[in-house]
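Any read-out appearing in this document is the output of simple, stated calculations on the displayed coordinates, not a laboratory observation. Note that the coordinates shown come from a computational prediction; the quantities given were computed from them, not determined experimentally. Here the Cβ positions follow ideal geometry from the backbone for every residue, glycine too, while neighbour counts run over all protein chains shown.
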Amino acid sequence: MADLLLELFSEEIPARMQARAAADLKKLVTDALVDAGITYADAGALSTPRRLCLTIDGLLDKSPDLTEERKGPRVDAPEQALNGFLRGVGLTKDQLEIRDDKKGQTYYAVMQKPGRTASEILAEVLPQIIRNFPWPKSMRWGSSSLRWVRPLHSILCILSAEDGAEIVDFEIDGIESANLTAGHRFLAPQWFSVKSFAQYQTELKSAFVMLDSEERAEHIWEDAKNMAFAAGLELVEDSALLAEVAGLVEWPVVLMGDIAPDFMNLPPEVLITSMREHQKFFSVKNAKTGQIEKFITVANRTTADNGATILAGNQKVLFARLSDAKFFWENDLRIAKAGMDVWADKLTNVTFHNKLGTQAERIDRIAKLARELAPIVGADADLAAKAAKLAKADLSSEMVGEFAKLQGLMGRYYAAEAGLPDEIGAASEEHYSPLGPTDTVPSAPVSVAVAMADKLDTLTSFWAIDEKPTGSKDPFALRRAALGVIRLILENSVRVDLLKWLGAQTLAGGGGAVDLDNLLSFFHDRLKVYLKDAGIKHDVIDACLAMPRNDDFSLLVNRARALQGFRDSADGENLLQGFKRANNILTAEEKKDGVFYELDPEAKLAEDDAEKALFSALDTAQPLLDGAIKAEDFTAAMAALAALRAPIDGFFEHVQVNADSEILRRNRLCLLNRIRSVMNSVAAFEKIEG
Amino acid sequence: MAQTASSKPRSFQEIILRLQNYWAENGCAIMQPYDMEVGAGTFHPATTLRALGNKPWAAAYVQPSRRPTDGRYGENPNRLQHYYQYQVLIKPSPPNLQDLYLGSLNAIGIDMEMHDIRFVEDDWESPTLGAWGLGWEVWCDGMEVSQFTYFQQVGGHDCKPVSGELTYGLERLAMYVLGVDHVMDMPFNDPDAAIALKYGDVFKQTEQEYSRWNFDVADTDTLLQHFKDAEAECQRIIDTPHEDPKTGAKIIMAHPAYDQCIKASHVFNLLDARGVISVTERQAYIGRVRALAKLCADAFVQTEAGGAAP
């Protein structure tokens, strides 16, 4: 048993690639070892900005010996066939065995393949893995032919056991594997030799390298939190930034600095975004006021002045950055207070899409749709139209020009500064939502109207120019828009026959015709995915999609939820079987006879008690069902169906449909048809699998 | 990295002089700025063209760079339409290029023991030159002080071997080293000289003049014509037969053609600053300049300096 330690030491690896690369390295090497017959106990991968590190414990020293047999030609086969076989296996004729086979005497080659040492195998597979490593982007350097994410400088590769460590010998493009590594670039750049992982990790730590990115992240997080706490403040959580920063340092030193008072009236989101995007700073806020008062930066070293110079430098850079932000904010406020007309004008010059005109034209369409949607979602029509007009004005602002991710939010600040009603600001912030299956859905009526109008305009416009998503390509995020509309409707219980409603609107830029039926089936596809995640099976959805008014998604989903609940109950299961039995018999007989048994069955022809009971159960259920469906109370409708279960079961148990009397037979087939049509008035049961 | 920290420089020009000395000592040919208007040091043929082909190369130089859209009439503390870049190009990139680079920071008075130097991912791409590379922006205490790139492609050609390119934004770097908050306040020459000049004494007025001209006065019709002329001339030079009828020698005029490419690129930047190029047209113009850059690269690799057999 031996332990492998591999370190690939390079120039700085982009932070976002480190974790994935370490995981890939582990998988590639362990897979290759297992393929070659070397098992292991445990493997781990670590990374820093300058190193990828792999440890594999408890490796077999050798792969097992193998015996390989190959069947050759028959003894009486022509000479050429035998020669070919000998060349293939690399043996001479006298080394072959002759065995009796079904077809006569046949040559066999029996080859002993001795196991190979782990070291030999590693020396063979590692160069291949390194040469073909799956970096998202790789490069060449100097005169090398090797590609790596950045220049690769050294390879440490040892197998260590209790009796010492040996170097796994290989060479790639002039880099020879060795047992050496170096410490921190500035704090301990000396090279030292490595005997085991434990010694490697300990010695690296005294050479100012924390090998484990999680340890670095934890260290940063704890120090940052404590510093903020000691100042009576609170660290703003940002796990993505934490992971990134942990990938930029080998020896994290957390420093907290001040934000000059000049910037205190900037919105906190602006401070957070500017500091994060440009400087990779964490924000520290005053929990009482919500104001960002300090920043935290993470240096890659200790200094004699405890980071004072570094902090001063960072503060200076931040001052320049925030001066820019403040300049944008103040310019924007002037325009906001004057009513944002300048911004709206600017959007007349911004192309939305070369076939769909300008942003301004698009906004006009959205405003019209929002006005029409307002009564449906319970919003004031004028307010909704005005909100839609202003919702994207901030796209022209300097702040959003600098930080695109602040779109909408800045609109809310500017609307407030302009003295506009809060509904308008809220619509500006919320109308992009929901951005995915888990994002928050707006609920304020004006926001809902604008959000729906925005997405519906996008969808109908791209449908009009036939730019629909294909396969994995969805450059205009139309799937997301459709899901957004669905979630806005469902989560706000909006009632609208969407297809009918869209048909009555003036739609789409460029004036092209919109294939609304096609768009509806696109919505239905998104709805299926969405409902599947909510536990509603595809056949249940199909059973509801086949019903009338399937463009009213609230109605559709109410039906589907009730049906799924019913389907999952014992009554539902049995009734479904009854339905299938009725449907199968009926379909078969109709086909055979070439007629449809669609007449009302006559109760007076019922002979058997079970048959009479079914008639009376259907008579009782019918008005209940009609009422429930009219009231769109599908739970009640399912309850009414449940009452049919026992009578239908009883009917099939005691009554023979294909009676000798043709009159009785026809009446009973019509009775089956009645079962089918009663059930199909609730949902298309024939679509349900079972 | 055992160098002891250098003394603090006292002026903008001292920083430039120290970089010149440092890179001269480290084996670079110290070249002079290219005598044409360019947007960045990369455009100098000592970088763009010399990064192509297999001949070793090592050059360093200051390059005045013009970005008309960045003009702020000399008011902004660090934005200028005319500024200086310091550029180093070494082919093949030496294995110790990072250390050499850190040595240059030390040479201009950045004490490695007190500052936090970081290599932060930043891939470089020049759509107008059809060039890209991987590397970093180098941060000193959170400020970007240089761009560090391993060239992978220029003018559509793979770089073999790969050149290492270093670009220092001189004003910003110098402001940091000298502790100045507004570029115009920065000492240009020795602050104790008999005639001590600040950056503003040298450039404040020109920033105003060029900002006005770039944004409002430059004649767009003339510029559009210049663009077309440069494009046509570049193409004509490239199309001229290689054999010179006067001398009978094979003379491929890669550099004169490339001058026209540079000219077209700068005229495009001016048109952009004048705000007469729409978003869609922008891409088309960039594509036209790239096509010229590619022609010039294709021509250069057929020359001796470009690695072709003589």
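Values computed for the structure shown
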| quantity | calculated |
| --- | --- |
| Cα centroid separation, the range A:657-690 to the range A:215-291 (Å) | 70 Å |
| Approximate spin-label separation residue A:57-residue A:319, in nm, with each point projected 7 Å along Cα-to-Cβ | 5.2 nm |
| Test item: B:109-118 mean partner chain Cβ contacts at 10 Å | 6 |
| At 0.890 mPa s and 25 °C, Stokes D of the range A:343-534 from Kirkwood alpha-carbon radius, µm² per second | 147 µm²/s |
| Label-to-label distance, nm, for residues given as residue B:193 and residue B:217 (7 Å Cα→Cβ offset) | 2.8 nm |
| Computed Kirkwood radius, in angstrom, where 1/r is averaged over Cα pairs of the range A:550-636 | 15.5 Å |
| Cut-off 16 Å, label 7 Å out along Cα→Cβ of residue B:182, residues of the range B:70-92 by amide N | B:72-80 |
| Cα centroid separation - the range B:262-295 against the range A:52-91, whole Å | 63 Å |
| Listed residues B:247, B:157, A:628: farthest to the positive end of the dipole of the protein assembly as shown (Cβ charges) | B:247 |
| Label zone at residue A:128 (point 7 Å along Cα-to-Cβ), backbone N below 17 Å, the range A:1-41 | A:25-39 |
| Chain A, relative contact order in percent, only Cα pairs under 8 angstrom and at least six apart counted | 7 percent |
| Computed FRET value (nearest 0.05) for residue A:331 with residue B:160, which takes r as the C-beta separation and R₀ as 45 Å | 0.40 |
| Exercise: per-residue mean of other protein chain Cβ atoms within 10 Å, A:297-304 | 4 |
| Charged-residue dipole, Cβ positions (Lys, Arg, Asp, Glu), chain A about Cα centre, Debye nearest 20 | 1280 debye |
| Footprinting exposure proxy for A:343, B:23 (fewest neighbouring C-beta atoms within 10 Å first) | A:343, B:23 |
| Contact order relative to length of chain B, as percent, for alpha carbon pairs under 8 angstrom and 6 or more apart | 22 percent |
| FRET efficiency for residue A:111 and residue A:77, using Cβ-Cβ distance with R0 set to 22 Å, rounded to 0.05 | 0.65 |
| Using alpha-carbon coordinates, inclination of helix B:254-273 to the longest axis of chain B, degrees | 70 degrees |
| Tensor-based shape of the range A:457-503 (alpha-carbon gyration tensor, a/c under 1.5 rounded, otherwise prolate or oblate) | oblate |
| Label-point separation, residue A:404 to residue B:304 (7 Å along Cα→Cβ), nm | 5.0 nm |
| Summed side-chain charge close to residue A:497 - residues other than residue A:497 whose Cβ falls under 12 Å, Lys, Arg +1, Asp, Glu -1 | +1 |
| Å³ per residue enclosed by the Cα convex hull of the range B:41-111 | 107 Å³ |
| Positive minus negative residues near residue A:566 (Lys, Arg vs Asp, Glu; Cβ under 12 Å) | +1 |
| Per-residue Cβ neighbour rank within 10 angstrom, fewest leading, A:454, A:324, A:593 | A:593, A:324, A:454 |
| Given charges at beta-carbon only (K, R positive; D, E negative), |dipole| of chain B in Debye | 600 debye |
| Å³ per residue enclosed by the Cα convex hull of the range A:263-394 | 174 Å³ |
| Phi-based couplings in Hz for the range A:412-420 (Karplus 6.51, -1.76, 1.60; Gly and Pro marked x) | 5, 4, 5, 4, 5, 5, 7, x, 7 |
| Equivalent ellipsoid, the range A:39-188 (semi-axes from 5 times Cα gyration tensor eigenvalues, Å) | 47, 20, 13 |
| Calculated FRET efficiency for the pair residue B:208/residue A:574, C-beta based, R₀ 60 Å, to 0.05 | 0.10 |
| Amide H within-cut-off set for residue B:38, under 5 Å, with H built and near neighbours excluded | B:66 |
| The range B:12-212 pair-distance distribution - Cα-Cα, 10 Å bins, rounded % | 9, 34, 37, 17, 3, 0 |
| Exercise: per-residue mean of other protein chain Cβ atoms within 10 Å, B:27-38 | 0 |
| Percentage, to the nearest whole number, of Cα pairs in the range A:1-92 over 21 Å apart | 54 percent |
| Semi-axis lengths (Å, descending) of the ellipsoid that matches the C-alpha gyration tensor of the protein assembly as shown | 63, 46, 31 |
| Cα pair distances exceeding 18 angstrom across the range A:66-113, given as percent | 21 percent |
| Spherically averaged projected area in nm², based on the convex hull that wraps the Cα atoms of the range A:565-687 | 7.2 nm² |
| Rh (Kirkwood; distinct C-alpha pairs) - the range B:219-300, Å | 13.4 Å |
| Burial ordering of A:571, B:185, fewest other beta-carbon atoms within 10 Å first | B:185, A:571 |
